[in-house]
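The values are calculated or read from the model by the stated rules, or taken from the named source; none is laboratory data. Not measured: the values here are computed from a predicted model. Every residue, glycine as well, gets a Cβ built from its backbone with ideal geometry; the counts of neighbours run over all protein chains shown. These accessible areas exclude ligands, DNA and RNA; they are computed on the full protein's heavy atoms, side chains included. Shrake-Rupley method; radii C 1.70, N 1.55, O 1.52, S 1.80 Å.
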Amino acid sequence: IYVTAFTHVERSEEPTYVGGIVLALTSTRRQDFGLAQYVLLEDAPRFLRAQPAIAIRALIQAATSAAIAHEGVDDALPEETFEFRGKRVRYRQDHSHFWDAPGTVQEDAQKLLAIILAYLTELPARSAELAVAIDVVAESAVSAFVWRGLLKTGPRDAAKYVPLLHDLLAAEPVISHPETAPEAAAFL
């Protein structure tokens, strides 16, 4: 549901009707769809707490799909891989250093990723839950935008994140592309 809802861009201004004879209200399909997305965003933290692994995968895929749909990210760009926590993970440039820059209006992709990162900050340092959550993020991430988010979170609590994220600071794609190189340097 999350992936489908945040992949689709509803542009229809066709009116929809709510209410009855006494109080008739109108809306549009675009507004109704936006409300459904809003409800999903509001419920995402509860989804994460109830089913962390499933929710992280779904929210990352939804954030990546939203970036492709709304930010014009070219999902045909080649993927690179690197070693992270003993596994091979993927990295694709997405120009997020432009559309995710400080001061830009947060769109769905940023909101979805922010929910995941907020969940990670709630987890205790050096806990199995945090390590598993980071591993699920890494397995699900493709877009540089997700790696960028992890790198921005790291310096906020270095003692908590350095043991889990230090591989990012030596990963060739991470340190060589403009989406993540400044954040890697700041984290370092």
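Take GLU80 and tell me if it is more than 19 Å from TRP147 (Cβ to Cβ) and of a type in the set (D, E, K, R). So GLU80 fails the test.
Within region 2-12, can one find any residue that is at pLDDT 90 or above, over 15 Å from the mean Cα position of the chain (by Cα) and among the hydroxyl-bearing types (Ser, Thr, Tyr)? Within region 2-12 (the criterion being at pLDDT 90 or above, over 15 Å from the mean Cα position of the chain (by Cα) and among the hydroxyl-bearing types (Ser, Thr, Tyr)), the answer is yes, since at least one residue qualifies. Taking first residues from region 57-79 that are more than 12 Å from THR4 (Cα to Cα) and hydroxyl-bearing (Ser, Thr, Tyr) and partners that are in a helix (DSSP H, G or I) and open to solvent by 70 Å² or more (accessible area, probe 1.4 Å), no Cβ contact under 6 Å between residues at least 6 apart in sequence or on separate chains turns up.
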